[in-house]
Structure formats: structure tokens, C-alpha cells
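> The structure under discussion is supplied below as C-alpha cells; questions concerning it will follow.
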Amino acid sequence: MAASILIVEDEEKLARFIELELRHEGYQVTKASNGRDGLELLEKGGFDLCLLDIMLPELNGMEVLRRLRKTSGIPVILVTARDAVMDKVAGLDMGAQDYITKPFAIEELLARIRVSLRDDSPSAHIPEGELLTCGKLELDRARHTVKYDGADIQLTGREFLLLETLLENKTIVLSRDTLMEKVWGYDYMGETNVVDVYIRFLRSKIDDVFGIKLIHTVRSVGYVIKDDVDG
Ligand code: CA
């Protein structure tokens, strides 16, 4: 059955262009030209994916996403004209699967849609019940919890996945590209500064809070997690 895609985009020409391309690929397409209509349609359900512009009249894309995530986990690809990393990071943190920056090549958009529609998130095949540790840091895969010396640490889904990946490779230096691929699911075409931003998030919630140094930067290579005593 053809996947059903909702395009929330106020630029009429662009929306029409994407619609035609998606129909050509065999998708069912519905359009909304402002955030409020988009949210209303999303809340009714029946879509497999939403292409959501951030700069929208009535209700901006981030707000649509925030409200949508209270009731629905459908894949959302954010469309942003801005090039600010924080914007993208905030979007991903709020539960968007992906983002694409205008102007984009239609092939790139189609590739991202295919990836988002595939139900194989990086963590889907990881066996449950395993405890990953580094010093006093403990990540419980089954319970999806992280503790340091017994104290709970609240992480977002993406932060959890990043920490999990680092812990799976404890003492092994991982490049930004490798982390991108493992945590975000595929190659992001050079936008690896998202990794740096998320490493900062993790450090602010773990290293800074507990006065330790577990997440290490290896200059011009990448990142590694190791206990101080591991050397
Ligand atoms: Ca717009």
C-alpha cells in the first residue's frame, strides 16, 4: 500500500512541486498551507509521514511538532530555511526523524523520506536487559534508564542513543561520521556538528553535574567514553 504523506508548507509553488514529485513516486499526498490546518489533519491521523516546514503562518512547525508528539509518533521531516544548527537540534530533540534545509535537491528529499519510512531505527534490534557501564555510570537498555552512582540522569531519546553507542564502544575512539551513522541512522552529508552539540548536551548532564570526565574529545578524530582510571 502506498505510504500517505502530509506536506505542511506555505510556499504554494514548492508544495505543489513536492506534491507532484511524491505522487510520481507513488505516494499518496495531502497538503496543508499553515500550521493550524496541518496539526488538525495530523491529529485526525492516517498519515505515514509528515513533511513539516518550520516557518509557517498560524502555528510554526516547531509548535506543530511539539503538540503532535503528545499524541503521535509518526515520522516527521522538518524543512528549514535557516541554517542554524540549534534549530535543527531542537527539532530532532523534539522528536523529528530528520530535517532538510532549503533549497534541497528532490532526490535528497526522496532518499530521506525512504529512510524515515523504513522502520529500522538503530536501536530496534538491540537485545534488552543489558547493563552498559563506565565507572559508576550505568545505562540499562531494558528500562531505558541512566544512572550515575545511583542518581537518575534524564536523557532525551537521541542523547540516550548517543551515550549507548559510546558505551558499546567503551575506550574505543569513534569518529563523528561513525557516530552520525550509528545514532542518526545514516550519513548526514557532512552535518556532523550535530554530534558536537549532542556531546555537549551529554557532558552538561553527566560530566558537569557529577564533576567527572568520562566523555573525552580526541582532537581531529572524534569522541571516546572511558573511566578516569581506565587511563
Ligand atoms: Ca515557510
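The values are calculated or read from the model by the stated rules, or taken from the named source; none is laboratory data. Here the structure is a predicted model, which is why all the values come from computation and not from measurement. Note: ideal-geometry Cβ built from the backbone for every residue, glycine included; neighbour counts use all protein chains shown.
> I need every pair where a residue in the range 198-224 that is in contact (Cβ under 8 Å) with a residue 60 or more places away in the chain and closer than 19 Å to L161 by Cα has its Cβ under 8 Å from the Cβ of a residue that is basic (K, R) and part of a helix (DSSP H, G or I), sequence separation at least 6 or different chains.
Here the result reads Y198/R158, each pair linking the range 198-224 to a residue that is basic (K, R) and part of a helix (DSSP H, G or I).
> Within the range 3-24, identify whether any single residue is in a loop (DSSP other than H, G, I, E, B) and aliphatic (A, V, I, L, M), and answer yes or no.
yes
> Just one of E21, E12, E40, E25 is within 15 Å of the ligand (Cβ to nearest atom) and of a type in the set (D, E, K, R); which is it?
E12
> On to the next question. Restricting to the range 43-68, give me the number of residues that are without any contact (Cβ under 8 Å) to a residue 40 or more places away in the chain, of a type in the set (D, E) and within 16 Å of the ligand (Cβ to nearest atom).
Summing the residues that are without any contact (Cβ under 8 Å) to a residue 40 or more places away in the chain, of a type in the set (D, E) and within 16 Å of the ligand (Cβ to nearest atom) in the range 43-68 gives 2.
Condition check ((1) more than 17 Å from H216 (Cα to Cα); (2) at pLDDT below 85; (3) out of contact with any Ser or Thr (no Cβ under 6 Å at 6 or more places or on another chain); (4) in a helix (DSSP H, G or I)) across all residues:
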{"site": "R143", "(1), (2), (3), (4)": "yes, yes, yes, no"}
{"site": "L155", "(1), (2), (3), (4)": "yes, no, yes, no"}
{"site": "T165", "(1), (2), (3), (4)": "no, no, yes, yes"}
{"site": "I172", "(1), (2), (3), (4)": "no, no, yes, no"}
{"site": "E181", "(1), (2), (3), (4)": "yes, yes, yes, yes"}
{"site": "G190", "(1), (2), (3), (4)": "yes, yes, yes, no"}
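> Within the range 91-102, identify whether any single residue is of a type in the set (S, T, Y), part of a loop (DSSP other than H, G, I, E, B) and within 16 Å of the ligand (Cβ to nearest atom), and answer yes or no.
No.
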